[in-house]
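The values are calculated or read from the model by the stated rules, or taken from the named source; none is laboratory data. Predicted model only: the values in this text are computed from it and were never measured. When we count neighbours, we look across all protein chains shown, and the Cβ atoms used for this are built from the backbone with ideal geometry, even at glycine.
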Amino acid sequence: MHADPVGVLTGAHFMDGDHAACEGAIAAGARFAAGYPITPSTEVVERFSNRAPRIGATFIQMEDELAASIAILGAVWGGVKAFTVTSGPGFSLMMEHIGYAVMTETPCVFIDVQRGGPSTGLPTLPAQADMMQVKWGSHGDYEIIALCPNSPQECFDLTIQAFNLSEKYRVPVFVMMDEVVGHMTEKVVIPSADKIEVEPRHFTTKDKSSFQLYAPVGEEQTPEMTKVGEGYNVHVTGLTHDERGYPNMTPAVQERMVKRLVTKIRDNAEKICIVEQNQVEGADVVVVSYGITSRVAQRAVEMARAEGLKVGTLRLITAWPFPEHIFRALAPKVKGMVVAELNLGQMVREVSRCAEGKCRVAAVGHAGGTVHNPQDILKAIQEVAR
Amino acid sequence: MARGAVSIVVERCKACGFCVEFCPTKVLALSDAFNSKGYHPPHAVTPDKCSGCDLCGMYCPDFAIHGYRLDKAAKAAETEASDAR
Amino acid sequence: MSTTTTPDCKVHPGNPVESFLRTDRMPHIWCPGCGIGTTVNCFTRALIDSKQDLNKLAIVSGIGCTGRVAGYVNLDSFHTTHGRAIPFATGLKLASPETTVVVYSGDGDLFAIGGNHLIHAARRNMDIKVICVNNLTYAMTGGQTAPTTPEDVITATAPYGTYDPAFNLPYLVEAAGAVYVARWTTFHVKQLARSMQEMFAKKGFGFIEVVSPCPTLYQRRNKMGDALDTMKFYKEVSKTKHGAPTSEVGLTKSGEIVVGKFVDRERPDFTTHMHEHLQHSLGDKYIPAEGPVCG
């Protein structure tokens, strides 16, 4: 279906990534946000608080991130699309509710504008150091989807994508921004509502006797949804549960339930994953990056190409599920991969795992606070190309 | 003549004794019999005294007993019978 | 004699509580003499008497023994994370304003890990109804000290007795802004059911504390007898004082339990206040959220 024109601010705008992400959420149909102020993400909810009462939406500023991250889940079961926004320390507080959203298969979106850590770290300066936390930060086995925009335009586009994927797979989806992308102001083109594809919530049409809240449907292995007040008398719990949603804490049910929560994403990873590849065919070295770092890496790649090196680029738009199939296919064809990211080695672990020793993998880490110096990435390219 | 009666699901009972203690007309006592979990469920020792007040039902933490008024039950059965026609 | 007994634990025809239960999940996990089931009886009687549309009612629980209530009632029911029933309920209420949202949870869940959310929801006067079963301990995990445990009580984490002062729940909730505050014990079944009914009818943040036995962990460890002894104790020491100043109703190990309705006052609830304010600020530009809009 198409976006509701009430929320779509069609036209070309000059706006930063935080504001663009907010507009993406609204265009995707989000009509509820709960937040707690934290730099550098606050502008997203500031804009939403301004827009909400004029588009039939609700914003509430909660008492902390624990509250914000579960208020949105309550709102989703009330029947709306909902999201929250945070950064660093706030994201750490939300970890338990990532697990709860996964376990209860509650479609929702979290936007994390990454800043330097650990702890309070660098509130106003960038990092990309929550990339493993988003995948592994909540306890237990789970899979989520995480997207990494590298421009305000993508903050808009990928936030819509995040909502669409969350509805399709009944899973929390994360927009992993960084401070630079969040605060960078660029042209953002918002299409008209009829040009924006929006995944509706897949409300069941089954009758009460045959509907099961956790019975998988289709190749997405994803159950149909409902909301309060429909007479289904659903039970939603974070305990291990059967297809009816009833607690059933046996190894057999645990195995069946957790496996499906994981395979619904893993089995569909090739459909979900988006990467951007440039001159990868015939390259000796491929530079892997995401978010703001991809724009810095581009400069390094241009310098390397000027030296005659055969360098391709691979940008992770989807970080999770990790696009394994692409890396497994690529590794035997290149001398090496250079992974640049604003942390001291996170996604590079996934790259190494999928390269299976078939090519060199070099990490260009940076603890954050600023973007990389392109020279550092260039040096790594030269080293790997040798 | 009893105005009410109690209905007991013996398998739900955990023998806390609330119903016995708080029955205003002292209808109930824990029986000597065991249920399958080893608890002694209540039984009506003076059923004629039951008023059907359902205080036992309000106290029972295990949803194992409730009291009802016989006149209301008869009326309900009558309505059901006439509805069936 | 028309007394009937049924052996099958899955059905109990005629019991008023029956249609509110997920009977396929019976028997429940609560210990013999645990008061939580008694509060559920009162809850269902209150729903029956208030003629509440059950399709427009949702129940939200946190974690703990009382947290399991959500799993046993045949309503839209949410068993959330530890301490977070209230913020979940806040989101649910805002997204679905026509739904009556009841938070049913324990003292540890609501006042320790969830204490911050509780006072903020009361401050906002969020239109949710909180039923707090207060068994004075962390029961699910084995009887540790709770923020409600009175002084000089033996718990699993206070083997020499507690010296950590306890919260007086009605006092705290009144100070935070609740419009309806009452306390009963599981002995006061009729009063509790009536009080719940009254709370459901009142818009805004309502709170009922139900003092309840935990015979397995609290009373036994403190040599206070079994559940029945506890119920008799409640009967003996409870004093009904409607309108009592909440500052004077704190609980002690063996002293008087003041019960009654302490607070019943008027204050616009969050949503009403929000609508009025935004209407005033934005005029014609204000488009209120009208419940679920999710294509």
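Key figures for this structure:
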read-out: C:Val73 vs. criteria touching a Lys or Arg at 6+ places or on another chain (Cβ under 6 Å) and without any contact (Cβ under 8 Å) to a residue 60 or more places away in the chain; value: no
read-out: Scope the range C:212-243; condition touching a residue at least 40 places away in the same chain (Cβ under 8 Å), of a type outside the set (Gly, Ala, Ser) and closer than 20 Å to C:Asp264 by Cβ; matching residues; value: C:Thr240
read-out: Scope the range C:206-248; condition hydrophobic (A, V, I, L, M, F, W, C) and out of contact with any Leu (no Cβ under 9 Å at 6 or more places or on another chain); matching residues; value: C:Leu217, C:Met224, C:Ala227, C:Leu228, C:Met231, C:Phe233, C:Val237, C:Ala244
read-out: The range C:96-113 - residue that is more than 13 Å from the chain's Cα centre (by Cα) and among the small types (Gly, Ala, Ser) and, of those, farthest from the other protein chains (Cβ to nearest Cβ); value: C:Ala112
read-out: Flag if A:Val228 is touching a residue at least 60 places away in the same chain (Cβ under 8 Å), part of a loop (DSSP other than H, G, I, E, B), of a type outside the set (Asp, Glu) and over 26 Å from A:Ile272 (Cα atoms); value: yes
read-out: Candidates A:Pro89, A:Pro118 - the one that is more than 10 Å from chain C (Cβ to nearest Cβ), surrounded by fewer than 21 Cβ atoms within 10 Å (Cβ to Cβ), part of a helix (DSSP H, G or I) and without any contact (Cβ under 8 Å) to a residue 60 or more places away in the chain; value: A:Pro89
read-out: Residue, farthest from the other protein chains (Cβ to nearest Cβ), within the range C:1-20, restricted to residues that are touching a residue at least 12 places away in the same chain (Cβ under 8 Å) and in a helix (DSSP H, G or I); value: C:Ser19
read-out: Residue in the range C:227-245 that is over 20 Å from B:Val20 (Cα atoms) and over 21 Å from the mean Cα position of the chain (by Cα) present; value: yes
read-out: Conditions (1) within 12 Å of another protein chain (Cβ to nearest Cβ); (2) surrounded by fewer than 20 Cβ atoms within 10 Å (Cβ to Cβ); number of the one not met by C:Glu236; value: (1)
read-out: Among (1) under 20 Å from C:Tyr286 (Cα atoms); (2) touching an Asp or Glu at 6+ places or on another chain (Cβ under 9 Å); (3) of a type outside the set (S, T, N, Q), the one test that A:Ala57 misses; value: (2)
read-out: The range B:53-63, subset more than 8 Å from the chain's Cα centre (by Cα) and touching a residue at least 12 places away in the same chain (Cβ under 8 Å), residue farthest from the other protein chains (Cβ to nearest Cβ); value: B:Cys53
read-out: Some residue of the range C:238-245 being β-branched (Val, Ile, Thr) and in contact with a strand residue (DSSP E or B) (Cβ under 7 Å, 6 or more places away or on another chain); value: yes
read-out: Number of positions in the range B:4-39 that are in contact with a Leu (Cβ under 7 Å, 6 or more places away or on another chain), within 11 Å of another protein chain (Cβ to nearest Cβ) and surrounded by fewer than 24 Cβ atoms within 10 Å (Cβ to Cβ); value: 7
read-out: Of all residues making up the range A:1-50, the number that are closer than 23 Å to C:Leu94 by Cα, within 14 Å of chain C (Cβ to nearest Cβ) and out of contact with any helix residue (DSSP H, G or I) (no Cβ under 6 Å at 6 or more places or on another chain); value: 7
read-out: Condition met for C:Thr23 (farther than 26 Å from B:Val27 by Cα, at pLDDT 95 or above, facing another protein chain (nearest Cβ under 9 Å) and over 12 Å from the mean Cα position of the chain (by Cα)); value: no
read-out: Which numbered condition A:Gly245 fails, given (1) touching a residue at least 12 places away in the same chain (Cβ under 8 Å); (2) at negative phi; value: (2)
